[in-house]
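Each remark here refers to the structure printed beneath this line.
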Amino acid sequence: EAGVAQSPRYKIIEKRQSVAFWCNPISGHATLYWYQQILGQGPKLLIQFQNNGVVDDSQLPKDRFSAERLKGVDSTLKIQPAKLEDSAVYLCASSLGGGRETQYFGPGTRLLVL
Amino acid sequence: AQRVTQPEKLLSVFKGAPVELKCNYSYSGSPELFWYVQYSRQRLQLLLRHISRESIKGFTADLNKGETSFHLKKPFAQEEDSAMYYCAPTGSASKIIFGSGTRLSIRP
């Protein structure tokens with residue numbers, strides 16, 4: 001079974017630039033999550049999709065972050081414009097059903113904002 | 001407010017010694033409880049979940065509803081257990097919160 005795929009693996013940008021991350025979940029998984037993990041902290045949920053609908057985006061900074069999951073499969077997370085404090089690892093995960101099920105994580109994208 | 005606390009940022013024990021990683025949570029309702037682990041240079045992955053009651057790699061976790069704790073235990077630590085461990089309660093409406101993590105270091 002192929003795992004969750006993410007790209008790019010690393011990204012360095014300057015503040016005020018924009019950046020986009022891509023995630024391909026495990027085939028058949030209805031739920032997709034984006035997390036932000038700042039160094040020394042646990043993952044923080046940014047947004048959760050069930051199929052192509054948003055379940056929870058309460059912690060997504062909507063003035064600069066956006067995410068979409070077209071056709072209920074792949075997803076993209078965008079930051080525009082980036083700030084220094086956005087430097088973090090961005091994790092994508094998927095689960096077969098809802099949030100009370102086991103999540104399978106991708107390798108993450110490490111973002112450095114200079 | 002829903003909250004999960006892992007009080008130890010770093011736990012260092014000798015090989016063969018018992019291990020206990022603490023997790024306390026504050027949640028409305030009855031959350032589903034998970035422990036996730038991240039080994040060096042690997043992805044975050046499930047270690048165990050309460051509902052399945054499985055013992056994975058010798059680890060177990062007991063839910064104490066009175067103390068709202070879900071501590072992770074292993075009777076005899078092995079060097080390959082060195083990793084970062086995260087407690088993650090998942091509550092109603094699928095609200096998911098990860099703890100800040102405990103780095104477990106096993107000394108030979």
Give, as residue ranges, the strands (runs of 3 or more DSSP E) completely inside segment B:1-48 that count at least 3 residues that are surrounded by fewer than 17 Cβ atoms within 10 Å (Cβ to Cβ) and of a type outside the set (Lys, Arg). B:10-14
Close pairs (7 angstrom Cβ cut-off, 6 or more residues apart or separate chains): of a type in the set (Val, Ile, Thr) and modelled with pLDDT under 90 in segment B:89-108, open to solvent by less than 10 Å² (accessible area, probe 1.4 Å) and not in a strand (DSSP E or B) anywhere: B:Thr90/A:Gly99; B:Ile96/A:Gly99
So which residues in segment A:70-113 are open to solvent by 10 Å² or more (accessible area, probe 1.4 Å), farther than 18 Å from A:Gln41 by Cβ, in contact (Cβ under 8 Å) with a residue 60 or more places away in the chain and more than 14 Å from chain B (Cβ to nearest Cβ), if there are any at all? A:Lys78, A:Gln80, A:Pro81
Selection within segment A:32-65 - in contact with a Lys or Arg (Cβ under 7 Å, 6 or more places away or on another chain) and open to solvent by 60 Å² or more (accessible area, probe 1.4 Å): A:Asn52, A:Gln59
Hey, B:Arg49 within 14 Å of chain A (Cβ to nearest Cβ), over 11 Å from the mean Cα position of the chain (by Cα) and of a type in the set (D, E, K, R) or not: no
Looking only at segment A:35-69, and only at residues there that are within 14 Å of chain B (Cβ to nearest Cβ) and either among the aromatic types (Phe, Trp, Tyr) or at positive phi (or both), the one that is nearest to the chain's Cα centre (by Cα): A:Tyr35
Quick one: what pairs do we get from segment B:41-54, first residue free of Cβ contacts under 8 Å to residues at least 60 places away in the same chain, second among the acidic types (Asp, Glu), C-beta under 7 Å, 6+ apart or different chains? B:Leu48/B:Glu54; B:Arg49/B:Glu32; B:His50/B:Glu32; B:Ile51/B:Glu32
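The values are calculated or read from the model by the stated rules, or taken from the named source; none is laboratory data. Being a predicted model, the structure only gives us computed values, none of them experimental. Neighbour counts run over all protein chains shown; Cβ positions are idealised from the backbone, glycine included. Note: areas computed on protein heavy atoms with side chains; ligands, DNA, RNA excluded. Shrake-Rupley method; radii C 1.70, N 1.55, O 1.52, S 1.80 Å.
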